[in-house]
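A short reminder: the numbers here are calculations on the coordinates, not readings from a lab. Keep in mind it's a predicted model, so treat the numbers as computed, not measured. In this analysis, Cβ positions are derived from the backbone assuming ideal geometry, glycine residues included, and neighbour counts consider all displayed protein chains.
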Amino acid sequence: MFDNNNENNPVRKPLMFYVLTAVTVILLLNMFIFPLLMTRQVQVIGYSDFITWVEEGKVSEVSLAQDSDQIIFVATNDIGQEELYKTAVFPDEGLIERLQKANVKFSAEIPTQNNMLLSFVLSWVLPIVIFMGLGRLLSNQLGKRMGGGMNALSFGKANAKIVADKETGVTFADVAGEEEAKDALKEIVDFLEHPDKYAGIGAKLPKGALLVGPPGTGKTMLAKAVAGEAKVPFFSISGSEFVEMFVGMGAAKVRDLFKQANEKAPCIVFIDEIDTIGKKRDGAGAIGGNDEREQTLNQLLTEMDGFDGKKGVVILAATNRPESLDPALLRPGRFDRRIPVELPDLQGREAILRVHAKNVRCSGGIDLKEIARATSGASGAELANIINEAALRAVRLGRNEINQNDLMESVETVIAGYQRKNAVMSETEKRIVSYHEIGHALVAAMQTHSAPVTKITIIPRTSGALGYTMQVDEDEHYLMSKEELRNKIVTLTGGQAAEELVFHSITTGASNDIEKATKLARGMITRYGMGDFGMVAMETVTNQYLGGDTSLSCSAAYSEKIDDQVVALVKEARAKADTILRENETKLHELAEYLLKKETITGEEFMQILNAKPAQPVLTAEQETAEK
Ligand code: ADP
């Protein structure tokens, strides 16, 4: 049906409609109504006629202005209407007497004064009132369009909907892992609960603490937990909410926030993504500078300095770009505490999984440790998502509790996206992908220092991966040796090496491997002192928590040398992968054909086939050195 039910969706009148209506009204008033109202036509008549009319009793009111050379008077015309007339002054000493005799009111005032007032009101006051009304209307419309329903002209007045949560209901027990962060925050909770204890000794508690860490590690949760534990109200606002259309509005919002917080003290104010307003002021000035942001930041600094720390307003802020923050924010008396909230380690991941698994029905025999092991580098938010995905999968499959398979499958979903079961790949492409993946797995298995293969699959994923090999370390690693890094690069080149060996041609399928291998090789040379430059930092990490972007900190001449070394390192790795695969070609074929048939194989299946007949022995450390 074409009708899209307009009744529920009233058409809003366009702004232009209101503007045109107002302009038309003013024009009409000025053209027709005002002149009629204001100007009672003043007709000129001779003095003798004036005297005659006075005597005939037609004149009712006369103005005799002293310094004027004319007499203005009101008289009744032939059809009985009062009209305004004027006549030139004539030396006539008996005029006053005549007027008195005819009972005419006379004064030194101009009888049109009332009209003048009316004319003033109509021509000046009324248009102004109309324009002001129109302005209000427009600004309201604009406000509505901006989504806030606020008045766009109310500069300096914040309309922030900063609502405090009376009770967040979150406690430290809900936040798994992150023990160091919790310890640091417990002091703040204690301060909020027993302020006298601290005031008694004269201790000043930090006014603010900055929670620093990658996204999804539980920074917001921790802030809520502080408020929840101390049972104080929780104000939450995101840095981006301060960024407003008009200069000065952000600053007004900050003022408003602190005013409200002061009224509700003791309380927690949480500013998420503080980097949005707290970015370094780079002194760009008016050109290219962001006045609004700087004003907001200045206001925040002023408010933080201004409020009384003893009152019990604690400001917690979160960021994942600590390096971009203005140093002024980190000065003592402001966010002088910096609390790292890092990605969880193996134990932390297991604990987080446990917390979230409590909320879903699990079948017995679930091994959360295995999931924790398979999710190295995952954040708390991703782990929570894994549990939820598993529950959704269980429902999809008609079960009422989740099992280990659901969990393992959802790990892959979160890491690589959903399976694209109906993606049609030609037989040739499937074969190429199969060899590519076995290439990775075989090269990994034939080297020391590489994590065991746990799963190989050639089922395409929504992320675009056509297949992948999953390797899971037994233990958590905090350090990586030069050999491990090298072997990792060799494993990454294994896919394309297999393609070339078997099909004598290569495809675009290795782009992700190439990216990863280059990144690792570059890191080895520029940051880990594992290249020819020794312990010289050629690059620095600029974005620790978000992807780890780096910036070059060496000359152009060295930059060229870095590239040469990176290329050499990856080439060498590729040559090693070629050798391994050539020496194990029969196994490569056997495994690839098996994977092609089954589409997904486990690490055990892989190892069984690999070990079925004596394969190429694992290279010893000496052999590896000899190869290099
Ligand atoms: P951040 O503010 O660091 O980006 P959040 O606090 O918003 O992260 O975390 C998002 C979600 O991830 C939380 O709602 C919670 O479900 C989950 N989560 C993150 N870290 C943890 C943790 N340490 N313990 C339990 N759940 C966590």
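Observations
- Taking every alpha-carbon pair under 8 Å whose residues sit at least 6 apart, region 233-382 reaches a relative contact order of 24 percent.
- Burial ranking of peptide ranges 389-396, 92-99 (average Cβ count within 10 Å, highest at the top): 389-396, 92-99
- For Lys597, neighbours were defined as the other residues whose beta-carbon sits under 13 Å from its Cβ, and their charges (Lys and Arg +1, Asp and Glu -1) total -2.
- Hits among lysines - C-alpha to C-alpha of Lys430 under 19 Å, sequence gap 8 or more where chains match: Lys421, Lys455, Lys587, Lys597, Lys598
- Per-residue extension of 0.36 nm, minus the Cα-Cα distance of Asp291 and Asn543, leaves a gain of 88.2 nm for this segment.
- For the residue pairs Lys204/Lys231; Lys231/Lys280; Lys519/Lys576; Lys488/Lys561; Lys182/Lys482; Lys219/Lys358, the C-alpha atoms sit more than 29 angstrom apart in Lys231/Lys280; Lys182/Lys482.
- Taking label points 7 Å from Cα along the Cα-to-Cβ direction, Leu137 and Leu552 give a separation of 6.1 nm.
- Here Met607 and Arg331 are evaluated by their C-beta separation; at R0 = 41 Å the FRET efficiency comes out at 0.10.
- Taking 7 Å steps out from each Cα toward its Cβ at Val424 and Glu342 produces label points 5.1 nm apart.
- Label-point gap, in nm, between Ala575 and Glu56 - each point 7 angstrom along Cα→Cβ: 12.8 nm
- Kirkwood hydrodynamic radius (C-alpha pairs) into Stokes-Einstein, region 325-400, 4 °C and 1.567 mPa s, D in µm²/s: 89 µm²/s
- Gain on full extension, evaluated as 0.36 nm per residue between Asp49 and His477 minus their Cα-Cα distance, stands at 142.4 nm.
- Sites Ser238 and Glu560 - FRET efficiency at Förster radius 41 Å, r taken between beta-carbons, to 0.05: 0.40
- When only Cα pairs below 8 angstrom with a gap of at least 6 residues are kept, region 161-340 shows a relative contact order of 34 percent.
- More than 30 Å apart - percent of Cα-Cα pairs taken over region 161-340: 14 percent
- Each peptide among 546-557, 584-595, 347-358 gets the average number of other Cβ atoms lying within 10 Å of its residues, and from highest to lowest they stand as 347-358, 584-595, 546-557.
- Packing-based ranking, highest mean first, of 223-236, 400-413 given that Cβ atoms within 10 Å are counted: 223-236, 400-413
- Of interest is the spacing of the C-alpha centroids, which for region 173-201 and region 460-491 amounts to 39 Å.
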